[in-house]
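Rule-based calculations on the coordinates, nothing more; no lab input. Since the structure is predicted, the reported quantities are computational estimates derived from the model, not experimental observations. Note that each Cβ is placed from the backbone with ideal geometry, even for glycine, and that neighbours are counted across all protein chains shown.
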Amino acid sequence: MRLEVGCKITFEIDEPTPTVLMLRPRSGDGQWITEERYTFSQQVPVAEYVDTYGNLCQRLTAPTGEFIVTTSAVVETADHIDVAPGAPFTLIQDLPDDVLQFLLPSRYCQSDRCSQQASDIVGDVEPGYDQVEAIRRWIHHTVTYQYGTSNASTSAMDTLEQKVGVCRDFVHLGVALCRSLDIPTRMVVGYLYQLEPMDLHAWFEAFVDGRWYTFDATQAEPRGGRVAIAYGRDAADVALATQFGPASLTNMRVWVTQG
């Protein structure tokens, strides 16, 4: 599937503000970037680096006034995501070094506090892919998707108690529950074809049988047409814009079309 994806973000900057953006998808992990465009409404020096999780980050000082960032890309990505019922649990001693960090509790995913809930959800399901799918299905049927019910401080434990949230909250809960079962799990932010209403989206990936698999508790069935932008332990690692000063995001438009 060839997708044309992009976003236009408008900031209001009170004074020159150091900023880190994370808006460029990278090739790999089932997607290939064939075209890309990245523009600013005002010309500024930009440096790019790769963070701990392999994300492409753009470092700049946003100028005073209205500052608009527009990114777009043409991406070849899979029509369907891989599913693997019965895929076995990967022993911790067999995990790659860079995967181990996704076993640990993190700011929004307190996996050390929800092991009993995770055990109750999976019951006697075989360890591995089927446990993750049981958790994804439980969240989908138990947690209500509703805008305005959470904020930037909402954690997995808050969502577990309140049973309401948006995609970010669904992900944090899924990540925490899976990690509590010693399954490495990471957050992904990106684009999803035919998402309604259209916006940037979040889902999670779990490492079983020696590889990463995609899970999305907001969707009833597995769906492809995904373009990943950023990976991390939780939302603190995958912020698409981080400003170190007086700046506000005033508007954002997102598009995903089939090319």
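Order by neighbour count: LYS163, LYS8, fewest other Cβ atoms within 10 Å first, most last.
With the sparsest Cβ surroundings first, the list reads LYS163, LYS8.
Both radii are taken from the alpha-carbon atoms of the chain; with Rh as the Kirkwood radius, Rg/Rh is 0.97. For the chain, what are the DSSP H helices with axial Cα length of 15 Å or more and mean Kyte-Doolittle hydropathy of at least -0.5? Result, helices passing both filters: 167-179.
Here the ratio of the Cα radius of gyration of region 92-222 to 2.2 N^0.38 Å is 0.98.
With Cα atoms defining each centre, region 1-52 and region 198-240 are spaced 19 Å apart in the structure. Taking packing as the residue-averaged number of other Cβ atoms within 10 angstrom, the listed peptides 165-173, 142-150 run from highest to lowest as 165-173, 142-150.
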